[in-house]
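A short worksheet on the structure shown next.
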Amino acid sequence: MRVISSLCIYCGSSKPQPRHQEQAEALADILVSQGIDMVYGGARAGLMGFTADAVLSRGGRVIGIIPEYLDKYEIGHTGVTKLHIVANMHVRKMMMFDSSDAFLVFPGGYGTMDEMFEMLTWRQLAMHDKPIIVVNIDGYWDPLVKLLEHIVQQGYAKPETKNLLHIISDVSEMMGLFKDMSPPDPSPPKVWLQA
Ligand code: AMP
């Protein structure tokens, strides 16, 4: 079993679809009932802000991390439990990584994909063994899954790397995944690079 006390959520800073909002609310219910903190990019905008508000309105804890220069575009969420305003994007992403036991990817845009791929490639390079869960709501991430299969099929990633992402279609599957996972590995995990 993998004990998770803080979950990093990567998702869009743009206006969310109604179905994505439903899943954000369902996730908020789970986080609050399980006592899991939400870690995220600290914005008030889009699905990011919506998910943070859903957790806060249920009495949960939310830790936001936003770069100073982005604050004017994404607008820092001042109502979160703790908002860290940091020097730049690299510090933000590192702090989000360090503060979290696992990562959950909701629908989003380029920034969401950048964050997801960074955690995936770090995992491939054996820099961590934290779970990465992709919530494929109504097939939103189907093209991504297809692309990953294509990359493996063409020999640019090992077939085993497909297991590095856990694809679920509903947040209700998340706690079951953690239950079935082994505890963090104290020895370095395997490097999945091609020889
Ligand atoms: P998006 O999915 O494009 O709406 O972005 C979601 C979050 O990812 C936002 O908080 C962005 O600031 C963040 N993000 C992280 N890395 C990047 C990047 N390399 N380019 C753009 N946005 C990024």
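So is TYR156 more than 23 Å from ARG2 (Cβ to Cβ) and in contact with a Pro (Cβ under 9 Å, 6 or more places away or on another chain) or not? Here the answer is no, as TYR156 does not meet what is asked.
Kindly establish whether THR112 is surrounded by 14 or more Cβ atoms within 10 Å (Cβ to Cβ), within 13 Å of the ligand (Cβ to nearest atom) and hydroxyl-bearing (Ser, Thr, Tyr).
Considered against the rule, which asks whether it is surrounded by 14 or more Cβ atoms within 10 Å (Cβ to Cβ), within 13 Å of the ligand (Cβ to nearest atom) and hydroxyl-bearing (Ser, Thr, Tyr), THR112 comes out as yes.
Against the conditions (1) touching a Leu at 6+ places or on another chain (Cβ under 8 Å); (2) closer than 16 Å to VAL134 by Cα, where does ILE36 fall short? Just the number, please. The failed condition is (2). The numbered conditions (1) more than 24 Å from ALA43 (Cβ to Cβ); (2) in contact with a helix residue (DSSP H, G or I) (Cβ under 9 Å, 6 or more places away or on another chain) are all true for TRP122 except (1). Pairs linking a residue in the range 92-108 that is over 20 Å from GLN23 (Cβ atoms) to a residue that is among the charged types (D, E, K, R) and more than 10 Å from the ligand (Cβ to nearest atom), with Cβ atoms under 7 Å and 6 or more positions apart or on different chains, are ASP101/LYS130. Residues in the range 79-100 that are out of contact with any strand residue (DSSP E or B) (no Cβ under 8 Å at 6 or more places or on another chain) and farther than 14 Å from ASP37 by Cα: 4 in all. When you scan the range 15-34, how many residues do you find that are out of contact with any strand residue (DSSP E or B) (no Cβ under 8 Å at 6 or more places or on another chain) and within 15 Å of VAL105 (Cβ to Cβ)? Qualifying residue count, the range 15-34: 3. Selection within the range 70-106: residues that are among the hydroxyl-bearing types (Ser, Thr, Tyr) and closer than 26 Å to TYR140 by Cα. The member of this set that is surrounded by the fewest Cβ atoms within 10 Å (Cβ to Cβ) is TYR73. Selection of helices (runs of 4 or more DSSP H) fully inside the range 3-76 by the criterion of at least 2 residues being in contact with an Asp or Glu (Cβ under 8 Å, 6 or more places away or on another chain) returns 18-34, 46-57.
So, ILE4, is that one more than 16 Å from the ligand (Cβ to nearest atom) and at pLDDT 95 or above or not? Against the criterion (more than 16 Å from the ligand (Cβ to nearest atom) and at pLDDT 95 or above), ILE4 qualifies. Scanning the range 129-151 for residues that are surrounded by 15 or more Cβ atoms within 10 Å (Cβ to Cβ) and not acidic (Asp, Glu) yields a count of 13. Here is a check on your reading of the model: is GLN124 among the polar types (S, T, N, Q), exposed (fewer than 15 other Cβ atoms within 10 Å of the Cβ) and more than 16 Å from the ligand (Cβ to nearest atom)? Taking the combined requirement at face value, the residue does not satisfy it. Within the range 22-66, being away from the ligand (no atom under 12 Å from the Cβ) and touching a residue at least 60 places away in the same chain (Cβ under 8 Å) holds for GLN23, ALA24, ALA26, LEU27, ILE30, GLN34, VAL39.
The values are calculated or read from the model by the stated rules, or taken from the named source; none is laboratory data. Since this is a predicted model, take the numbers as computed values, not measurements. Using ideal geometry, Cβ is built from the backbone for each residue, glycine included, and neighbour counts are taken over all protein chains shown.
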